[in-house]
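Scroll down for the structure; my scribbles are underneath it.
The values are calculated or read from the model by the stated rules, or taken from the named source; none is laboratory data. What you see is a predicted model, and the numbers here were worked out from it, not measured in a lab. Cβ atoms come from the backbone with ideal geometry, glycine included; neighbour counts cover every protein chain shown. Side chains included, ligands, DNA and RNA excluded: accessible areas come from the protein's heavy atoms. Shrake-Rupley method; radii C 1.70, N 1.55, O 1.52, S 1.80 Å.
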Amino acid sequence: MIRLLFTSSLMPNIDLHCHSNVSDGLLSPAALVERAAANGVDLLALTDHDDVAGLDEAREAAAQLGMGFINGVEISVTWKKRVLHVVGLNIDPSHPDLRNGLQGIREGRAVRARDIAAQLDAQGIAGSLEGAYAFAENKQLIGRSHFARFLVAQGYVKDVKTVFKKYLVKGKPGYVSHQWAELGEAVGWIKASGGIAVLAHPGRYDLGDGNMRALLAEFKEVGGAAIEVVTASHTAQQFALFARHAAEFG
């Protein structure tokens, strides 16, 4: 487990889920660490989507700033035809099971990107594939957020939030169903690399109580260890709900 020692009597400021431009963030790993330090973060985990390429740079920057750092990743998962995310904390990024698994996911992203672009082409939105890649610092991590930025830049919608009401989601142009890693696979890669598997932002999945309990039970069964409770996409009521789930499921 992750064990921390802080000399201050104050509650430490910890962020265990953030992204750099290695995936869909806007800042380089070093710049992200610098921003976190400027905002008083004591301990940071970089958890880019499906890639660990930014960890060395981020770790070095954190060491220079005297900030604690944890190797992390956020793995894309398909569970009952829904896309979920599992964060791995304290991973060994060089472990072959993890590296090979993530490489397979990144290859699948390229296929999905071509399919998204074909759908948008059919809607009269030309040049979306090249446009999305222009927004992706890491071309292997092409994703919906890069298509969203393209659609905003071209004036099809006013902002990224609106994109995901009109495009790229189920029932809308540009939505492509895709099979990511299985839940047990993702947790297995994390555990094999010495890490802790965390179910990311469960409130986003709109599962309903029965399906959420089924997910948490399966997640625990395959080796999941934690639930992300406090996150920007959760309401205060969800903080309490998922804290109760965390206690109930151990």
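Checked against the criterion of being of a type in the set (S, T, N, Q) and under 21 Å from Trp189 (Cα atoms), the candidates Ser23, Ser28 yield just one match: Ser23. Under the condition of being of a type in the set (D, E, K, R) and crowded, with 16+ Cβ neighbours inside 10 Å, which residue from the stretch 138-150 is farthest from Thr47 (Cα to Cα)? So, considering only residues that are of a type in the set (D, E, K, R) and crowded, with 16+ Cβ neighbours inside 10 Å, the one farthest from Thr47 (Cα to Cα) is Arg149.
State all residues of the stretch 174-197 that are open to solvent by less than 10 Å² (accessible area, probe 1.4 Å) and under 15 Å from the mean Cα position of the chain (by Cα); if no residue qualifies, say none. If the condition is that a residue be open to solvent by less than 10 Å² (accessible area, probe 1.4 Å) and under 15 Å from the mean Cα position of the chain (by Cα), then Ala181, Leu183, Ala186, Val187, Ile190, Ala197 are the ones that fit. One residue is enough: does the stretch 5-17 have a residue meeting the conditions under 28 Å from Ala181 (Cβ atoms) and touching a Gly at 6+ places or on another chain (Cβ under 8 Å)? Yes, the stretch 5-17 has at least one match.
Okay, residues lined up against (1) among the hydrophobic types (A, V, I, L, M, F, W, C); (2) open to solvent by 10 Å² or more (accessible area, probe 1.4 Å); (3) touching a strand residue (DSSP E or B) at 6+ places or on another chain (Cβ under 8 Å):
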position: Pro12; (1), (2), (3): no, yes, yes
position: His49; (1), (2), (3): no, yes, yes
position: Gly54; (1), (2), (3): no, no, yes
position: Ala58; (1), (2), (3): yes, no, yes
position: Ala63; (1), (2), (3): yes, yes, yes
position: Gly66; (1), (2), (3): no, yes, no
position: Asn90; (1), (2), (3): no, yes, yes
position: Ser94; (1), (2), (3): no, yes, no
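Scanning the stretch 20-34 for residues that are modelled with pLDDT of 95 or more, surrounded by fewer than 21 Cβ atoms within 10 Å (Cβ to Cβ) and under 19 Å from the mean Cα position of the chain (by Cα) yields a count of 4. Set side by side, the residues Ala232, Ala153, Ala246, Ala217 differ, and just one is aliphatic (A, V, I, L, M), without any contact (Cβ under 8 Å) to a residue 60 or more places away in the chain and open to solvent by 80 Å² or more (accessible area, probe 1.4 Å), which is Ala232. Of the strands (runs of 3 or more DSSP E) contained entirely in the stretch 41-146, those carrying at least 1 residues that are out of contact with any Ser or Thr (no Cβ under 8 Å at 6 or more places or on another chain) and among the aromatic types (Phe, Trp, Tyr) fall at 68-79.
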